[in-house]
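Asks: Got a structure here, written out as structure tokens. Questions coming.
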Amino acid sequence: MTQVQTPKIVKKKLFSPIWLLPIIALALGAWLGVKSIRESGIEVTIHFPSATGMDIGKTLVKYQGLTVGKVVDMSIDDDLQGVNVDVIMDYRAAPFVNEGTKFWLVKPKATITGIEGLDTLFSGNYISILPGKGGSRSFFEAETTAPVITPGVKGLTVHITSDKLGSLDVGSPVFYRQIPVGQVIGYHLANAEQILVTAFIQEQYAELVKVDSQFWNVSGISIDASLSGVKVSSESLASILAGGISFSSNTLSDPAENKHEFTLYDSQDDALGGLKFKLVASGVEAVSQNTAIVYRGIQIGQITHKSLSDDGVTLSAIIDNTYKELLTESADFWLEGADISLSGIKHPERLITGSVINFIPGTGPAKQQYTLLTEAPDPKNSSKLLITLHSDTNPGVSAGAEIRYKQIKIGHVLSSKLNSTFTQVEYQAEIDADFASLVSGNSHFLAESALTIDANLDGVKVSTRDLTTLTSGALSLVRGTNKALAKSGDSLYVFASAKDATSFFNNQNLVKKRLYNQDAADLSAGSPIYYKKMQIGQVTAVEWQAKNNNFAIDIAIERGFKSLLTEQTVFWRNSALSINASLSGIEVEVAPLMGALKGGISLGLLDGNQIANGTSLYESRFLALSQAQSITLTFPATVKLASKAAIRYLGHKVGEVESVTLADNLKQLDVTAYLYGEYATNFNQKDASYSVVDADISLAGIKAPETMITGPYIEVFPGQSSIKATAFTGQIDTPFHNLNGALTFSLSDSNLGSVKHGTAIFFRGVKIGQVDSYSLSAQGTGVVMQVHIKNQYQHLVNQTSVFWDLSGVKVDVGLFSGAQIETGSLETILAGGIGVATQETTTAANVIRKHQTFTLKSDVDSKWLSWSPVQTPRAD
């Protein structure tokens, strides 16, 4: 039996993976197709006059050095007027191809102004592109020349109007102080009479062009020939061949904006000339452009333009800035040529150079228009200005010397003599009426030098004046700032030089003050005065005052710093080098160089409401700000004392020694010292005590051991007198000063023995006082010792007390009793001492009086040692 298998039913798949391959291939093909179309480039046609220098497939199109296209075909245009160059532009250059885009061929080109397209010598000619604005287009007309402003170039564009172009052309340089800062980029007729020149200024120089800048033509060579010589000038070789423009700049004016309009002048003189005005005449055949305007034989201006007007002929004129002050409301101009007469020819040079326009000044402000006269006018005013001039010395000026203003004679000196006090030279001078308005109330005059030599590292410059200046001298007027004019009889100053005049007037603006100091040191006239290291004045004189035994230092402060001179102002001497060393470090302060070389003074102000001693010159800043008071001390010549030694009161520093000098008699030291201001009033009494403290080494020990390192110092104690003093006599030993209410009295003995200053007084072995001083008695029969008992031990002694000498070792040898040795403490053995014992209790009736004297016993009685009264301490 045959077995039949059941068929297996399988579902058919809706999508087979094999179909992914054609889908991917189709998508890739579509992407490649779109990419190929997108990157296929943009085809444009550029019309050139000729195809010279271009090759199909080789000539590239570049923008900023980057290739953006290539020439793919060239053909002659339909009108046979040039060639059409087909270019395939990179698809990324699509934003650049629009109506305003410019194309031009870059090839090597050498001109006077430079070399262009030098890179094409290696890479070949190429077409450059300058993107523009507007809609897309595919046909362009090539530029015949490359635009001056290329992509990426920034700067300032200005418009300059001119009557004529001259030798200017595109590419002509623009100069500033003979440095090329830009160039001409174009020009065209603005109207029938003017040409508009467009110039481009490089970005780094754009700020030099101001709203009031003046532009002038520097093309070619400028030749100025006259009887006085020939002057040839030019800006540069490039400007000679290619033309050029130069301009001025006023640093105080505002910068010009883009496309600002200026006027182009023919020359620098026309551009930078002085005051411009008009002259009107009925007929002036002898006047032409550049006719000189002359005043007293000196050319002060010229005619710049000549034109017809309704009134006849109008002359445009200009007066040089140097002389513009001479042009006034009542000034007169007249035409003057050579004068031929039977007596001879006057101004014969004008037969060659032509007539000139003569000028005479007047008064009042300048006008814009004047009438040109045919002959010289009558004098306006015959009265002259008579003034008196003064000078400390005669600078070589005598009667007949000319008085000049800008080298024009305006008067002369009538006479010269000494004044009535023989302290100054006095001149009588006369100023011509035409120039009286130039002399104001604060004008002055400078003596001119016939020969001036200026020698420096750059060379030697020698200048001379005329023969008149050499023989009689001459004065130059320096106009003042005062609006009030000088009147006849006024007195003005004459100076030998401008430096002397400056010094004199600066001195007039100074505030004078006098300082005093015991030592002038390195100060002299001219030493600077500083405030916070800035010079504000100087020392004018240093004088010794024998009467006061000090120096008077005259100073002058600039008036601008007058506010610094108050009741709190102090002055101190500058140190060339100040070093302050301490455990915290070293501080070094160096004075300004001038102050270190010539000496100097510094000014400072006290804090708060302190009133300063404004006439003292202190030795240092610290002494000045502490208002230290100067004193003088006299010590024996044996004293060892040095400058900077301290002055102390109970260990506190209240002053310092400034200087120590040996007196002329070689027997004493003269000490100059300072007491700090806050302490001065406490130690300047007539009876104040000053003594030297020095180390004293003895068997009892060392006194003031610190002075072995620091050196001796001066100890001071205040006095009781109401009389103040600044001079004191110092002492070698410090006297006792009863500061704590100690009990003082005297001891007497036939001999001093081992007692000395400082010998201690002991009560039961305890020190309760000491010997302060000693001296011979009035009769010379003994010694009197001044002693004191400390305040807290006063109750231990009274009139029943006895005192004996404890010094050394006492030995008593007897025949039958043997030897007895008596000693005190080690201190009394070495340094000596005085013992005291009291028999009765201290009461008001037996207290020791101030000037009471006790006899010092040589030996002690054993019964004294047994005294032991009960003493009650004083209730203070």
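Asks: Report the full-extension gain for the segment residue 78 to residue 369: residue separation times 0.36 nm, less the Cα-Cα distance, to one decimal in nm.
Replies: Answer, rounded to one decimal: 98.2 nm.
Asks: Suppose R0 equals 41 Å. What FRET efficiency, 1/(1 + (r/R0)^6) with r the Cβ-Cβ distance, do residue 746 and residue 615 give to the nearest 0.05?
Replies: For residue 746 and residue 615, the calculated efficiency is 0.30.
Asks: Hey, which of these cross-link pairs are over 32 Å Cα-Cα: 513/547; 513/667; 210/367; 653/724; 512/533?
Replies: 513/667
Asks: Among 861, 434, what is the fewest-to-most ranking by other Cβ atoms within 10 Å?
Replies: 861, 434
Asks: With an 8 Å Cα cut-off and a minimum separation of 6 or more residues, compute the relative contact order for segment 629-729 in percent.
Replies: 33
Asks: Number of Lys-Lys pairs in segment 253-344 under 25 Å by Cα, sequence gap 8 or more or different chains?
Replies: Qualifying lysine pairs in segment 253-344: 5.
Asks: Next question, about the same structure. Say each of residue 497 and residue 532 gets a label point 7 Å from the Cα, pointing the same way as Cα to Cβ; how far apart are those two points in nm?
Replies: 3.5
Asks: Something else: Convert each backbone phi in segment 389-396 into a coupling constant with the Karplus relation 6.51 cos²θ - 1.76 cosθ + 1.60 (shift: θ = phi - 60°), then list the ³J(HN,Hα) values in order as whole Hz, x for Gly and Pro.
Replies: 3J(HN,Hα) across segment 389-396, in whole Hz: 10, 10, 8, 5, 9, 7, x, x.
Asks: Would you please give the FRET efficiency between residue 678 and residue 418, computed as 1/(1 + (r/R0)^6) with r the Cβ-Cβ distance and R0 = 56 Å, to the nearest 0.05?
Replies: The value I calculate is 0.50.
Asks: Still on this structure, I have one more. Separation between the residue 286 and residue 841 pseudo-spin-labels, each 7 Å from Cα along Cα→Cβ, expressed in nm?
Replies: Between residue 286 and residue 841, the simple spin-label model gives 13.9 nm.
Asks: If each residue of separation counts as 0.36 nm, what is the full-extension length gain between residue 94 and residue 509 once their alpha-carbon separation is subtracted? Spell out each step's value before the answer.
Replies: Working: separation 415, 0.36 × 415 = 149.40 nm, distance 7.56 nm.
Extra length available between residue 94 and residue 509 comes to 141.8 nm.
Asks: Could you check the spin-label model distance between residue 409 and residue 756? Points 7 Å from the Cα along Cα→Cβ, value in nm.
Replies: 9.7
Asks: In nm, what is the difference between 0.36 nm times the number of residues separating residue 163 and residue 874 and their Cα-Cα distance? Before the final figure, lay out each step's value.
Replies: Details: separation 711, 0.36 × 711 = 255.96 nm, distance 11.97 nm.
Gain on extension, residue 163 to residue 874, equals 244.0 nm.
Asks: Next question, about the same structure. Explain nothing, just the number: relative contact order of segment 42-141, from Cα pairs under 8 Å at least 6 residues apart, as a whole percent.
Replies: Over segment 42-141, the number comes to 33 percent.
Asks: Any idea how far the Cα center of segment 274-328 sits from the one of segment 138-197, in Å?
Replies: Taking the Cα centre of segment 138-197 as reference, the centre of segment 274-328 is 34 Å away.
Here, each number is a calculation from the coordinates, and none is a lab measurement. These figures come from a predicted structure and were not determined experimentally. FYI the Cβ positions are ideal-geometry reconstructions off the backbone, even for glycines, and counts take in every protein chain you see.
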